[in-house]
1. Using Cα centres only, tell me the gap between the range 629-704 and the range 42-111 in whole Å.
2. State the answer as a single residue: which of MET628, THR722, ASN647 lies farthest towards the positive end of the charge dipole of the range 618-734, with beta carbon charges of +1 for Lys and Arg and -1 for Asp and Glu, about the Cα centre.
3. Once the Cβ-Cβ distance between LYS500 and ARG623 is put in as r, and R0 is 22 Å, what FRET efficiency do you end up with, to the nearest 0.05?
4. At 0.890 mPa s and 25 °C, plugging the Kirkwood radius over alpha-carbon pairs of the range 369-425 into Stokes-Einstein gives what diffusion coefficient in µm²/s?
5. Relative contact order (percent) for the range 247-395, with alpha-carbon contacts under 8 angstrom and 6 or more residues of separation?
6. Quote the FRET efficiency, to the nearest 0.05, computed for TRP814 versus SER487 with a Förster distance R0 of 41 Å and r equal to the Cβ-Cβ distance.
7. Using the Kirkwood radius built from alpha carbon pairs, what does the Stokes-Einstein equation give as D for the range 779-853 at 20 °C and 1.002 mPa s, in µm² per second?
8. Roughly what would the spin-label model give for SER290 and TYR661, points 7 Å off Cα along C-beta, in nm?
Amino acid sequence: MFAEESDSAATKKIIIVRAERTDEPIKIDGLLNEKIWKNNSSVDDFTQRDPVENTKPTEKTEVRIVYTNDAIYIGARMLDSFPDSIVANLARRDVDINSDMFEVFLDPYFDHLTGFYFGINAAGTLYDGTLYNDSWNDNSWDGVWEGKAHIDDKGWTAEMRIPFSQLRFSLKPNGNILGINFERIIARKHEQDYLVYIPKNSNGFVSRFAELVGIENINPPRDFELLPYVTTKAEFSDAGNGNPFNNGSAYTPSLGADIKMGLGTNLTLNASINPDFGQVEIDPAVINLSDVETFFNEKRPFFVEGSNIFEFGRGGVTNYWNFNWWNPSFFYSRRIGRAPQGSIPSADFVNEPTGTHILGAAKITGKVDGDWNIGAIQALTSRETADYQTAGQKYSIEIEPLTYYGIFRLQKEINKGHQGIGIISTFTNRFFKDPVLKDQLNNNALAAGLDGWTFLDSSGTWVMNGWFGSSFVKGNQADITMLQTSSRHYFQRPDSKLLKVDSNATSLNGFAGRIVLSKQKGNWGVNSAIGLISPGFEINDLGFLPTSDIINMHFASWYQWTKPTSIYRNLMLGGAIFRNYDFEGNITWNGIFHNGNIQFLNYYGINWDLAYNPQTLNIRATRGGPAMINPEGYQVDINLSSDLRKNLVVSIGSGSYWTHYSSQWYLNSEVDLNPSPNISLSIIPELDRTDDNVQWVNSYSDPFATATFGKRYVFAAFHQTTLSAGIRLNWTFTPQLSLQLYAQPLISAGDYSSFKELANPSSYSFNIYGQGNSTFNQNNYSVDPDGSGPAQPFTIDNPDFNFVSLRGNAVLRWEYTPGSVVYLVWTQTRSDQETIGEFQLNHSFNRIWTLHPDNIFILKFTYWLNL
């Protein structure tokens, strides 16, 4: 095999890498002692990107590629002048750790946009994932392949076997051309070397790959993978005295299988029979006092792997800036198998499932006809019921109907990825038995969108991206009325001239879209966007949308210095202006922003940002009531980080946002320690403090509250302190056997005082209870808003809280043969809440350890078969 250069029609040179066929058996042991590795010529013309850009590497790298009918083999020799200084830290698969590393990047479709990467570090840890949108990567994909590393007196070596069955490509009779690139990392020097070098002030990655030629006359075996599994789950919890549904323990055995089948060489079908869609790692505990749903990342492998094909509206542009804008997600996979949504009557004891069982799911992904990307998911979730007991009588109620979910994604690349156009559609259909549940959930929901991008010049410097989508949901009158008044829409706002609740409506529809312009090559960059989400846009049956009624725009620019000076290695300074309107033309957010980062010669770094927000109108603070003023505010954030090459890495961050009436600040740190080559410890503590003069409490109907349209919108002074930490220990015994421990303690206390009501719409004036004619009882939180006047007294529930939580798990993972894994998982949660607003550290810690924990133990055995 050899590498050569040839001129293309364009000015850039194309590097040709040739693979040689072999019939010699190759044992993957990292030793490179087969004849083929000695007789074949190597690729060794690498270029340094870091620390000295566009120079020769400090150490030589030699790579050879051969192939058989069913796999590509890669042998790499990383020469090193000081082999005893090679950094060889062992970690679990795909876990980033400071170590010498070698990676190969492949573009099997040769579409200059997508691909795969396979890596191995000097200790033998494997890394793999997918490449998409030319410059982005996703490590969620886990292929079944082999790799070994070996350190000797010349440096270290790596040997890989990548089966063709793990790569998606169109088999061509005259041989296939694949895109290819190599990377070597020399950790102690902070050095990155590439076969195809990408300048720091440029953009694009896959589109620059070398061409891998010589792979001819192959007939890979048909890809059919079967992954049967057996699992057993034991749960132990505090059931409480007299609970008829729970004696404190439960045991759940299960078995099933995942199927992966190649439909030709360019499409993949994934299906599950009685799927195990539980996630190994638990979600963090959160304190959410806002009216916006908390977003949790997907962690279930079936949905995570290949998920980038379902990304919508993000092609072409690789550097997105957002200010007070959450791009709607048409597909949020955690809706499938979510916790049941139906309400349960107040009862003495309740037994309800924590998630909806997924009866079956199938997924097709891949590329056809060279430039059409296809993705589809079909899933069916079961009907779920809850059992409850009141006064000794047991009842059952439906809390989630049988539900079908469907997602379809199609995208066409044009002119080698310089343009693209695509569509997405999602459909949810529910099959109710209990008519009461129809008042709470949509009957069906449909969303569809069109997206695309185009580069505005031949160099790929300027690019424009855009998308447009619409939604339609259908239900009965009670359900659609509830949807209109939900926190995503607030159609009931009494001072709105545009919105009105239609209690007779049985459907809701809306639209959304965004256009982005970006300059993403060169030292100077630009990013500008305008987007809108109509008040009736609704995709949360299968997507994620926090809010609606937004017209958002920004213009951002930055300049980066990438050549080292006597002070720094690189420096970036940027700034932006931004503004939000609602559909009535009210300015709801506004501001100017500055950010920057610098890396010094010793690899220490600082990044920061500053912002100023003038006074605007807040249409959400009263949660469906009249608008009120957003006072002008200021923001400062700064973060300092140490040298990532060291065994001890520390970063410290702090920031604050304040107005004349409130302040919020935080202090956090991250400490990463590698006490030995196979043990890593990460500790991330954070302290947050909020002092807000106007925190939402509740609203109360009162016909005498004429100034605020017949309701009293109650707020309070609020003081909250939160102390939390994320603690993670990785102990890797071999590249195939690892133990991971994770814990998240959290303590949060919130104290409410000085209760008040909004005095007038579109203002920041309040009537404080206990002043003037009003009275307020501190003991029982009863309020008489006008004393001897006609308004009726009301009582506020004590909102003070002191919440403690400890969540953690331990995961032992053993890949006893490629693709076959045994998991042993222990998860523990404990939490409690008191109506005490004072932050009491010692008391809270003592409470955590005295609480009765919930424990879950899971043993899962999988066996991979390639049939």
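The values are calculated or read from the model by the stated rules, or taken from the named source; none is laboratory data. If you're wondering where the values come from, they're calculated on a predicted model, not measured in any experiment. All Cβ positions, glycine included, derive from the backbone under ideal geometry; neighbour counts span all protein chains shown. The accessibility values were calculated without ligands, DNA or RNA, using every heavy atom of the protein model including side chains. Shrake-Rupley method; radii C 1.70, N 1.55, O 1.52, S 1.80 Å.
1. 38
2. Farthest towards the positive end: MET628.
3. Working: r = 17 Å, r/R0 = 0.79.
The pair LYS500/ARG623 has a calculated efficiency of 0.80.
4. On the way: Rh = 15.2 Å.
The diffusion coefficient I find is 161 µm²/s.
5. Values: 183 pairs, mean separation 36.4, N = 149.
This gives 24 percent for the range 247-395.
6. Efficiency, from the Cβ-Cβ distance: 0.35.
7. Values: Rh = 17.0 Å.
D, rounded to a whole number, is 126 µm²/s.
8. Result: 1.9 nm between the two label points.
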